[in-house]
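The values are calculated or read from the model by the stated rules, or taken from the named source; none is laboratory data. What you see is a predicted model, and the numbers here were worked out from it, not measured in a lab. Cβ placement follows ideal geometry from the backbone for every residue including glycine, while neighbour counts extend to all protein chains displayed. These accessible areas exclude ligands, DNA and RNA; they are computed on the full protein's heavy atoms, side chains included. Shrake-Rupley method; radii C 1.70, N 1.55, O 1.52, S 1.80 Å.
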Amino acid sequence: MNRLTTPFGSYELTRFPSDPRDQLRAWDAADEYLLRHLDAGTGERGPVDLAGAGQITVVGDRWGALTTALAAYHPTQITDSSLTRAATEGNLDRAGIGTSKSTVTLLTTQDAPPARIDVLLVRVPKSLALLEDQLYRLAPHVHAGTVIVGAGMVKEIHTSTLRLFEKILGPTKTSLAEKKARLIFCTPDASTAPGTTPWPVTYTVDEEGGSGAGLTVVNQAGIFCADRLDVGTRFFLQSIPTNTNGARVVDLGCGNGVVGTAVQVADPDAEVVFTDESYQAVASARATYEANVRPGRRTAEFLVGDGVAMLPPASVDLILNNPPFHSHQATTDATALRMFAQSRKALRTGGELWVVANRHMGYHTHLRRLFGNSEVVASEPKFVVLRAVKREARPRPV
């Protein structure tokens, strides 16, 4: 936990889930730059009076730093991450603010935006596709007087980023860089006719897609490798067990849901659970499932949250996992290791965790430490598929 000092107050902030060993802060220089700009009260078209600005919408807030700092102005946060939402709630509570309707409104990327937006603050996401989809969705809700300010680190803001703002909302320019962060200023143009969002994207898995061959995949914006099957998932689909004998199976970090859907199509009696921290991902998984599974088969579960933490202990037979190794721009194995620990708790004795990962991540060592075993099921120069089995706990010697 660290303290962020802003013109609007000082706040103890943490990511979610909170981990005292985590050295990554819950904000960065782009958040600080944007808050300083808002306090200076100088928008591109004159002063920004937040107190009388009307409806303020914050899009892409990483861990709730912007929403917490601006809580006195009753902002609406729109996020794709359930972890961001949980972090925001925790940071607001810690600041003694809370999330009642009189303070802050929390929405997801799957919710309808506010009807009228007077100030739009955009943290540029890692995914250009997610930014595109969000700007298309927000465009009908801004007006000629809307103040639009984007923020990001210099490495996150590209010519393509600025072109999206320009194409969808109106004339756009950037600030000078400060502490490797930059602001984006956009003036809404009523004559702009950007059209509608091209998302979601749909494609069919080719014959080399293993157990996923022939499946229709639906990708909402922001899902990794949106227009084709990514190499790691393709390799995984050539290895995963699909004859599960009606097992309870979890597609952990489901993304577009092609892995769990492949299991359900192969075994109609399987009880499949799709879970991801991304609202866009779970919406994609649901659409992929519905595009391939005939009505009348067992209904799947779709959960948005922190891995399998919401599942009862010892309630799952098989977990299939393609873990991420990035948290926004930071490379980290923290998410994967948390998924592995949660999986061991959720699995029944004899249950199995199957993982596909880049070979260099060295996950076999972590699995062996956690489960007491780790087996290489398949490998190639870049990827490896690992299998760990939950054994009965050994009695400790007296």
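Any residue at all in the range 86-109 that's open to solvent by 20 Å² or more (accessible area, probe 1.4 Å), in a helix (DSSP H, G or I) and closer than 20 Å to residue 39 by Cα?
Checked the range 86-109: no residue is open to solvent by 20 Å² or more (accessible area, probe 1.4 Å), in a helix (DSSP H, G or I) and closer than 20 Å to residue 39 by Cα.
Consider the range 116-140 and keep the residues that are open to solvent by 60 Å² or more (accessible area, probe 1.4 Å) and not in a loop (DSSP other than H, G, I, E, B). The one that is nearest to residue 55 (Cα to Cα) is 140.
Suppose the filter is touching a residue at least 40 places away in the same chain (Cβ under 8 Å), assigned to a loop (DSSP other than H, G, I, E, B) and surrounded by 17 or more Cβ atoms within 10 Å (Cβ to Cβ); does residue 190 pass it? Walk me through how you get there before you give the answer.
Details: touching a residue at least 40 places away in the same chain (Cβ under 8 Å): yes; assigned to a loop (DSSP other than H, G, I, E, B): yes; surrounded by 17 or more Cβ atoms within 10 Å (Cβ to Cβ): no.
In short, no.
Residues in the range 115-132: is at least one out of contact with any helix residue (DSSP H, G or I) (no Cβ under 8 Å at 6 or more places or on another chain) and under 21 Å from residue 304 (Cβ atoms)?
So in the range 115-132, the residues out of contact with any helix residue (DSSP H, G or I) (no Cβ under 8 Å at 6 or more places or on another chain) come out as 118, 127, 129.
Applying the additional criterion that residues be under 21 Å from residue 304 (Cβ atoms) yields 127, 129.
Yes: the range 115-132 contains one or more residues that are out of contact with any helix residue (DSSP H, G or I) (no Cβ under 8 Å at 6 or more places or on another chain) and under 21 Å from residue 304 (Cβ atoms).
Out of the range 214-233, which residues are in contact with a strand residue (DSSP E or B) (Cβ under 9 Å, 6 or more places away or on another chain), in contact (Cβ under 8 Å) with a residue 24 or more places away in the chain and part of a loop (DSSP other than H, G, I, E, B)? Result: 215, 220, 221, 222, 223, 226, 227, 228, 229.
Quickly run through the range 193-210 and pick out the residues that are over 30 Å from residue 144 (Cα atoms) and more than 26 Å from the chain's Cα centre (by Cα). Outline the logic, then answer.
Let us first name the residues in the range 193-210 that are over 30 Å from residue 144 (Cα atoms), namely 201-210.
Matches in the range 193-210: 206, 207, 208, 210.
All conditions but one from (1) assigned to a loop (DSSP other than H, G, I, E, B); (2) more than 20 Å from the chain's Cα centre (by Cα) apply to residue 113; the one that does not is (2).
All conditions in (1) part of a helix (DSSP H, G or I); (2) under 21 Å from residue 187 (Cα atoms); (3) open to solvent by 20 Å² or more (accessible area, probe 1.4 Å); (4) modelled with pLDDT of 95 or more hold for residue 155, with the sole exception of (2).
The residues of the range 359-395 that are in contact with a strand residue (DSSP E or B) (Cβ under 9 Å, 6 or more places away or on another chain) and of a type in the set (Gly, Ala, Ser), listed by number, are 372, 374, 378, 379, 388, 393.
Here's a check for you: in the range 234-262, which residue that is open to solvent by less than 20 Å² (accessible area, probe 1.4 Å) and assigned to a strand (DSSP E or B) is nearest to residue 338 (Cα to Cα)? Residue satisfying both the conditions and the ranking: 252.
Name the residues in the range 299-356 that are β-branched (Val, Ile, Thr), modelled with pLDDT of 95 or more, open to solvent by 30 Å² or more (accessible area, probe 1.4 Å) and farther than 24 Å from residue 79 by Cα, would you?
As a first pass, look at the range 299-356 and keep what is β-branched (Val, Ile, Thr): 299, 304, 308, 316, 319, 331-332, 335, 349, 355-356.
After this cut, where a residue has to be modelled with pLDDT of 95 or more as well, the list is 304, 308, 316, 319, 349, 355-356.
Still in the running and open to solvent by 30 Å² or more (accessible area, probe 1.4 Å): 304, 349.
Matches in the range 299-356: 349 only.
Each residue in the range 173-187 was checked for being open to solvent by 30 Å² or more (accessible area, probe 1.4 Å) and touching a Leu at 6+ places or on another chain (Cβ under 7 Å), and 1 of them qualify. A single member of 221, 270 is open to solvent by less than 30 Å² (accessible area, probe 1.4 Å) and in contact with a Lys or Arg (Cβ under 9 Å, 6 or more places away or on another chain), and it is 270.
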